[in-house]
Amino acid sequence: MSERRGFWSLLAHPLVYEAFHHLIGARRWMRRFTAEVIRPCAGDRILDIGCGPGALLRCLPDATTYVGFDRNPAYIERAR
């Protein structure tokens, strides 16, 4: 798998990734997607492959079991 270069390599840093998502409105989209498509309920179990820094977790009820996988260790550390 090839690594991103140039501008895209900046997104490997969790804080830059989160700031970029904020700028493009991805947080708002994520909340809407979660409410309308995933429709989580307390007690649900969610598996998020390619979770990034765990943005989906912020949209889930507290009693949801969430497991996220990502190939970027910095993203996983930020999600924790």
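Quick rundown of the values:
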item: Area projected by the alpha carbon convex hull of the chain, averaged over all directions, nm²; result: 5.6
item: Full-stretch length increase - residue 23, residue 8 - with 0.36 nm per residue and alpha-carbon distance subtracted; result: 3.9 nm
item: Debye intensity ratio I(q)/I(0), log10, region 11-57, q values 0.13, 0.25, 0.26, 0.31 Å⁻¹ (C-alpha model); result: -0.33, -1.00, -1.05, -1.22
item: Fraction of accessible area attributable to carbon and sulfur, the chain (%, probe 1.4 Å); result: 57
item: Nearest 10 degrees, 0 to 90: helix 14-24 Cα axis against the chain principal axis; result: 70
item: Leading residue at positive end of dipole, region 1-51 (Cβ point charges), from 22, 47, 8; result: 22
item: Restricting region 1-58 to GluC sites (Glu not before Pro) in coil, as DSSP defines it, with at most 12 other Cβ within 10 Å; result: 3
item: MRE, 222 nm, helices only [DSSP H, n ≥ 4, -39500 (n - 2.57), over the chain, to nearest 500]; result: -9000 deg cm²/dmol
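The values are calculated or read from the model by the stated rules, or taken from the named source; none is laboratory data. Please read all numbers here as calculations on a predicted model, not as lab measurements. No Cβ is skipped: glycine too gets one built from the backbone with ideal geometry, and neighbour counts run over all protein chains shown. The protein model used for the area step is the full one, side chains on, heavy atoms only, and it has no ligands, DNA or RNA in it. Shrake-Rupley method; radii C 1.70, N 1.55, O 1.52, S 1.80 Å.
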